[in-house]
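Q: Okay, handing you the structure first.
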Amino acid sequence: TDGRPGGMLCHMIRHLSGIGRLRVLAVVALLLAGSLAGATITATFTAAPAAAAPQGFTTIGKGGDSCTAPSVSQMSAFFRNTPYLAWGIYIGGKDRACSQPNLTASWVSQVTGQGWALLPLWVGPQNPCLAGFDHFSTNTSTAYAQGQNEAKAAYNALVGLGMSSNSPIIYDMEAGGSNTSTCINATKSFVQGWVNQLAVPPAQPSGIYTSTCAGFLDNFASLSPPPKFVDGADYDGVISTSSLPCVSSAHWTQHQRHKQYAGGHNETWNGVTLNIDNTCSNGPAVANAAYNGNNGCL
């Protein structure tokens, strides 16, 4: 500057274009008063706060999922002028069936910025009666502790992907085979450990995905406490979370349901083809805001 009070202030103003005008004027007044009084004043500028991480909000509307998270551009194609607003993402677990080269904190930030609501799914050990997977124990005490451990691992993965600590997490419990009472009791104990651990502050809404009938989904309503919400699979094509076969209409009634109503098939939107399942949502998801697209999903 040229040594004059006004010269220094004009030089500062030319370089403060990123700060609000009222704040600039306040700083200018402060500096000018100090300069005239012969005082030394240090001005501190605080950067604008970073955008909040996506977190748990109620989402009502249609959606889908694919084993591998699509690219950001593919997600954009499936969002623009389509019926979809919710997307399932497989964030981890030893029985997750596919790699996730796209699934990063940056991806989560970008696709939620596009408007997507996300359904994080964790695919850990499975019902001991289900062949072809890693299993949790048939001992109920051991299964409970394993459920707790899976919840801790899922939470770490969730936060590592840039989602807020209050975000919902769904345990993917596959179904099939002939369930014995031993397997059913072990599965219920495992899910109880999952639910209880996720309730530890900072708490996450605990979800469970399974077949509405073959996965004895309604049995989990008797847990204390039960899962906060459910994601029931029944490929009957009925686009309504009110229609969950084998699940009581009295259970999970307060925006606590998702439904996978169609299995894997190819769909093309805006020139992009993906193999997806179809979901109807009326429950918690990870998003930047609550959203109601409805599309008959109540």
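The values are calculated or read from the model by the stated rules, or taken from the named source; none is laboratory data. Please read all numbers here as calculations on a predicted model, not as lab measurements. Backbone-built Cβ (ideal geometry, glycine too); neighbour counts: all protein chains shown. The protein model used for the area step is the full one, side chains on, heavy atoms only, and it has no ligands, DNA or RNA in it. Shrake-Rupley method; radii C 1.70, N 1.55, O 1.52, S 1.80 Å.
Q: Tell me which lysines have Cα within less than 28 Å of K152's Cα, excluding those fewer than 8 residues away on the same chain?
A: By straight Cα distance, K152 reaches K94, K188, K228, K259.
Q: Using heavy-atom solvent-accessible surface (probe 1.4 Å) with all chains present, what is the largest-first order of Y291, Y171?
A: Greatest to least solvent exposure: Y291, Y171.
Q: Let me ask something additional. Show me the trypsin sites (Lys or Arg not before Pro) within segment 65-135 that DSSP assigns to loop and that have at most 15 other Cβ atoms within 10 Å of their Cβ.
A: R80, K94
Q: Now for a different question. Where the centroid of each part is defined by its Cα atoms, how far is segment 247-265 from segment 163-194 in Å?
A: 16 Å
Q: Tell me whether segment 157-217 comes out rounded, prolate or oblate; compute the Cα gyration tensor, take square roots of the eigenvalues as a ≥ b ≥ c, and use a/c under 1.5 as the rounded threshold.
A: It is prolate, given that a/c is not under 1.5 and a/b is the larger ratio.
Q: Looking only at segment 157-286, where both bridge partners belong to it, what percent of the DSSP beta bridges are antiparallel (to the nearest 5)?
A: 45 percent
Q: Hey, another quick one. Among the chymotrypsin sites (Phe, Trp or Tyr not before Pro) in segment 193-244, which ones are in a DSSP loop with at most 14 other Cβ atoms within 10 Å of the Cβ? Mind listing them?
A: Y235
Q: Further question on the same structure: State the percentage of accessible surface on segment 101-155 attributable to carbon and sulfur atoms; use a 1.4 Å probe and exclude ligands, DNA and RNA.
A: Result for segment 101-155: 48 percent of the exposed heavy-atom area is carbon or sulfur.
Q: Charges only on Cβ, +1 for Lys and Arg, -1 for Asp and Glu: so what's the dipole of segment 87-230 about the Cα centre, in debye to the nearest 20?
A: Rounded to the nearest 20 debye, it is 200 debye.
Q: Whenever you get a sec, compute what percent of the accessible area on segment 218-298 sits on carbon and sulfur atoms (1.4 Å probe).
A: 49 percent
Q: Could you check the spin-label model distance between A105 and N294? Points 7 Å from the Cα along Cα→Cβ, value in nm.
A: Inter-label distance under the simple model: 3.9 nm.
Q: In terms of modelled amide H atoms, which long-range or inter-chain residues lie less than 5 Å from the amide H of G92?
A: Residues meeting the amide H criterion: V123.
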